[in-house]
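Have a look at the structure below before the remarks.
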Amino acid sequence: MQFQQLQYFVAVAETRHFTRAADLVHVAQPSLSQQIKALERELGADLFRRARGNITLTDAGEALLPLARRILADADTARQEVQELAQLRRGRVRLGATPSVCTGLLPDVLRAFHDRYPGIRLLIEEGGSHDLVRELARGALDLALVVLPLPTPSPALTTVELLREDLVVVSSPDAARPGQGSRTVRVADLEGERMVMFRHGYDLRELTVAACRAEGFEPDFAVEGGEMDAVLGFVRAGLGVAVVPRMVAARSGRGLRVTPLARPGLHRTIALAHRSDVAPPRAARELQRMLLER
């Protein structure tokens, strides 16, 4: 019994027509008929009742059909599993992330992923959560690390919370400590402080401005419009203070003073998002697993 013969048998059983079955499996009709007859000889039983314009299954054909379908399905599953394993030796993962996550969370995880799967290309796209959600929706990304809540909630996306991170205030060691020199600083203490602010569309900008307004004041910007590296550089130069994730501050090295925010403080929630209607590729699922287990 040959695998190809089972494919032909199932095609005839489903179409109840030899010519249409041959078209379905892309083979000449005489070849298909010969293979069906060879299968019947092998099994020692007729599989079809052949009447002009009316093809029906015999009892033997009825018994074989679910078994043949299962064999073909198992073969297809095996093929997919092998192909997915091959994807871990070569291929790509398209990952979107906010710039602060790229600076703080991703380096260690991506290094571990690259060490394990050196043949996988990692394509990273930085952007705000709003832009990343849009790129996910149009299929330009496999996964994205976004800040919750999403600016525009989408039922087409699945999100899994990854971590909840404290925000801190960074300043130049040469400048006066914010909050009148205390070891912690309240959001209200930032009133009157010159601030270095991120560009529009940056999640941290919206969060910081909203927190200041909740305390009844508008933040005073010394400079605005930068990405994470630029903001940290401006703070080191003494242009003002900034509110950044603790993980980013910890990785930023010398030249910054880090002051925690007093309780209840400010926090942000990072989530891993992907499309609900399309399963990520095997390599992307493996990166997803490593991020969730970090």
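Just to be sure before I move on: is ARG251 closer than 30 Å to ILE120 by Cβ, open to solvent by 70 Å² or more (accessible area, probe 1.4 Å) and without any contact (Cβ under 8 Å) to a residue 60 or more places away in the chain in the structure I sent? So ARG251 does not fit the description; no. The single condition among (1) open to solvent by less than 90 Å² (accessible area, probe 1.4 Å); (2) touching a residue at least 24 places away in the same chain (Cβ under 8 Å); (3) touching a helix residue (DSSP H, G or I) at 6+ places or on another chain (Cβ under 7 Å) that THR56 does not satisfy is (3).
Look at segment 203-228: where a residue is polar (S, T, N, Q) and a partner is assigned to a strand (DSSP E or B), sitting 6+ places away or on another chain with Cβ atoms under 6 Å, you get THR208/VAL243. Within segment 170-197, residues that are more than 18 Å from ALA249 (Cβ to Cβ) reach partners that are of a type in the set (A, V, I, L, M) and surrounded by fewer than 18 Cβ atoms within 10 Å (Cβ to Cβ) with beta carbons closer than 7 Å, at six or more positions or on different chains, in the pairs ARG194/ALA222. Screening the candidates PRO66, PRO30 for the property of being open to solvent by 60 Å² or more (accessible area, probe 1.4 Å) and closer than 11 Å to ALA13 by Cβ yields one hit, PRO66.
A count restricted to segment 100-119 and to residues that are under 15 Å from the mean Cα position of the chain (by Cα) and open to solvent by less than 10 Å² (accessible area, probe 1.4 Å) stands at 3. Meeting the requirement of 2 or more residues that are surrounded by 15 or more Cβ atoms within 10 Å (Cβ to Cβ) and in contact with a Lys or Arg (Cβ under 7 Å, 6 or more places away or on another chain), the strands (runs of 3 or more DSSP E) wholly within segment 135-247 are 157-171, 194-198, 220-226. For segment 61-110, taking the residues that are over 30 Å from ALA242 (Cα atoms) and of a type in the set (S, T, N, Q), the one that is modelled with the lowest pLDDT is identified as GLN87.
Rundown of residues vs (1) in contact with a His (Cβ under 7 Å, 6 or more places away or on another chain); (2) within 30 Å of GLN83 (Cβ to Cβ); (3) at pLDDT 90 or above; (4) not aromatic (Phe, Trp, Tyr), yes/no style:
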position: VAL235; (1), (2), (3), (4): no, no, yes, yes
position: GLY240; (1), (2), (3), (4): no, no, yes, yes
position: ARG246; (1), (2), (3), (4): no, no, yes, yes
position: ARG254; (1), (2), (3), (4): no, no, no, yes
position: PRO280; (1), (2), (3), (4): yes, yes, no, yes
position: LEU291; (1), (2), (3), (4): no, yes, yes, yes
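On inspection, LEU95 does not qualify as open to solvent by 20 Å² or more (accessible area, probe 1.4 Å), within 20 Å of LEU291 (Cβ to Cβ) and assigned to a strand (DSSP E or B).
Condition check for LEU132 on (1) at pLDDT 90 or above; (2) more than 22 Å from ALA13 (Cα to Cα); (3) in contact with a Lys or Arg (Cβ under 8 Å, 6 or more places away or on another chain): one failure, at (3).
Given the structure, is GLY265 farther than 17 Å from CYS102 by Cβ, under 31 Å from the mean Cα position of the chain (by Cα) and in a loop (DSSP other than H, G, I, E, B)? Judged against the criteria, GLY265 is a match.
If you go through segment 98-129 and pick out every residue that is assigned to a loop (DSSP other than H, G, I, E, B) and of a type in the set (A, V, I, L, M, F, W, C), you end up with 1.
Quick one: is GLU286 under 20 Å from HIS130 (Cα atoms), modelled with pLDDT under 95, among the charged types (D, E, K, R) and part of a helix (DSSP H, G or I)? The answer is no for GLU286.
The values are calculated or read from the model by the stated rules, or taken from the named source; none is laboratory data. Predicted model, so just to flag it, every value in this text is computed and none were measured. Using ideal geometry, Cβ is built from the backbone for each residue, glycine included, and neighbour counts are taken over all protein chains shown. Areas reflect the complete protein model, heavy atoms only, side chains present, ligands, DNA and RNA absent. Shrake-Rupley method; radii C 1.70, N 1.55, O 1.52, S 1.80 Å.
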